[in-house]
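> Attaching a single structure in structure tokens format; questions to follow.
No value in this document is a laboratory result; all are computed from the given coordinates. Because the structure is predicted, anything quoted here is derived from the model rather than measured. Neighbour counts run over all protein chains shown; Cβ positions are idealised from the backbone, glycine included.
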Amino acid sequence: MYTQTHVLLGAALLGGRLPRKAWIAALGGLVPDIPELIAYAVAKAVALPGAVMMGLLYTQQWWRITEAVAHNFWAWGGLLLIATALRERLSATVRAIDAWSLVAVFAGAGLLHSVIDFLCQREDAHMSLWPVSNWTHTSPVSYWDPAHYGRIFSVLEIVLGLALAALLWRRFTGTWLRLALICAVALYALRASSLLT
């Protein structure tokens with residue numbers, strides 16, 4: 001999935017009705033894609049086409065490990081388990097419970113992002129079980145490749161993203177959050193226009 005959909009999913013499914021919790025969930029949905037977003041920004045800064053940059057990166061072992069760390073089931077799942085355990089301690093203070101609840105939301109959104117990518121990536125799949133295994137799951141579905149249902153997936157993702165944005169718009173009235181939602185909707189409009197050409 002595209003980054004904005006991961007962000008919206010995290011905020012909508014794990015953010016509840018508290019703006020702070022929704023922002024933390026959105027951040028958890030964003031973090032796994034930060035290395036790729038930085039690479040894309042560098043490609044744009046040096047006027048290298050994004051497809052060329054990503055083609056070069058995906059053949060490099062250091063890049064595969066970077067993506068493996070960012071989308072790691074062990075790291076996200078471990079952080080979620082630790083946060084949940086510490087949140088549930090009987091001796092925890094209200095402040096500690098609140099803090100560990102936010103860490104659990106952040107980790108849950110990161111894990112959700114990683115699982116979704118696991119299910120809808122093919123040649124660009126991540127080593128989600130690294131360093132225990134270098135294995136990658138080659139999904140029959142690609143979120144972007146038309147040869148593997150990418151066009152259908154893209155349309156469904158746009159519909160899902162717009163529905164999530166509408167849900168969050170109704171749930172929250174904060175100016176910054178609504179500006180972020182407008183940016184996400186604009187990204188879906190760009191994606192939809194690219195599908196039509």
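> For region 96-197, just list the percent of Cα-Cα distances falling in each 5 Å bin from zero outward, please.
All Cα pairs considered, the percentages come to 2, 11, 14, 16, 19, 16, 12, 7, 2, 0, 0.
> With the chain treated as a Gaussian network of Cα nodes joined by springs under 10 Å, which of Ala11, Ala25, Ala125 yields the largest mean-square fluctuation?
Greatest mean-square fluctuation among the candidates belongs to Ala125.
> Taking amide H atoms as placed 1.01 Å from N in the peptide plane, list the residues 5 or more away in sequence, or in a different chain, whose amide H sits under 5 Å from that of Ser128.
Amide H neighbours of Ser128: His137.
> Related question: Mind telling me which of Ala43, Ala147, Ala70 comes out most flexible in a GNM of the chain, alpha-carbon contacts under 10 Å?
Highest fluctuation of the listed residues: Ala147.
> How many angstrom lie between the Cα centre of region 130-151 and the Cα centre of region 37-108?
With region 130-151 and region 37-108 each reduced to a Cα centre, they are spaced 19 Å.
> Hey, could you grab the Kirkwood Rh for the chain? Inverse mean 1/r over distinct alpha carbon pairs, Å, one decimal. Let's see the in-between values first.
Values: mean 1/r = 0.0562 Å⁻¹.
Taking every pair of different Cα atoms in the chain, averaging 1/r and inverting gives 17.8 Å.
> Ok, one more. What residues have an amide H closer than 5 Å to that of Asp145, excluding those fewer than 5 places away on the same chain, when H is modeled at 1.01 Å from N in the peptide plane?
So Asp145 has HN proximity to Gly150.
> To continue, here is another question. Expressed in nm to one decimal, what extension gain is obtained for the pair Ala163 and Trp62 from 0.36 nm per residue of sequence separation less their Cα-Cα distance? Write out the running numbers ahead of the final one.
On the way: separation 101, 0.36 × 101 = 36.36 nm, distance 3.69 nm.
My answer for the length gained is 32.7 nm.
> A further question on this structure: In whole Å, largest first, what are the principal axis extents of the Cα atoms in region 149-197?
So the three principal-axis extents are 36, 16, 10 Å.
> Still on this structure, I have one more. Order these by the 10 Å Cβ neighbour count, fewest first: His137, His6, His71. Could the numbers behind the result be given before it?
Details: His137 14, His6 25, His71 28.
Fewest-to-most ranking of His137, His6, His71: His137, His6, His71.
> Pick out the long, greasy-scoring helices in the chain: whole DSSP H runs spanning 24 Å or more along their own axis by Cα, mean Kyte-Doolittle at least -0.5. Let's see the in-between values first.
Values: long enough: 94-119 (37 Å, 1.45); 150-171 (30 Å, 1.31); 175-196 (32 Å, 1.51).
Going by DSSP H runs, the hits are 94-119, 150-171, 175-196.
> So what is the relative contact order for the chain, in percent, with contacts set as C-alpha pairs under 8 Å and at least six apart?
Working: 263 pairs, mean separation 43.3, N = 197.
Computed over the chain, the figure is 22 percent.
> Okay, next question. Going by how many other beta carbons lie within 10 Å of each one, how would you line up Tyr149, Tyr143, fewest first?
Lowest to highest Cβ neighbour count: Tyr149, Tyr143.
> Okay, next question. Select from Trp130, Trp169, Trp62 the residue whose mean-square fluctuation is largest in a Gaussian network model of the chain (Cα-Cα springs shorter than 10 Å).
Residue with maximal mean-square fluctuation among Trp130, Trp169, Trp62: Trp62.
> Right, something else. Once Lys and Arg get +1 and Asp and Glu get -1 on their Cβ, which of Ile65, Cys120, Leu14 lies farthest toward the positive end of the dipole of the chain?
Leu14
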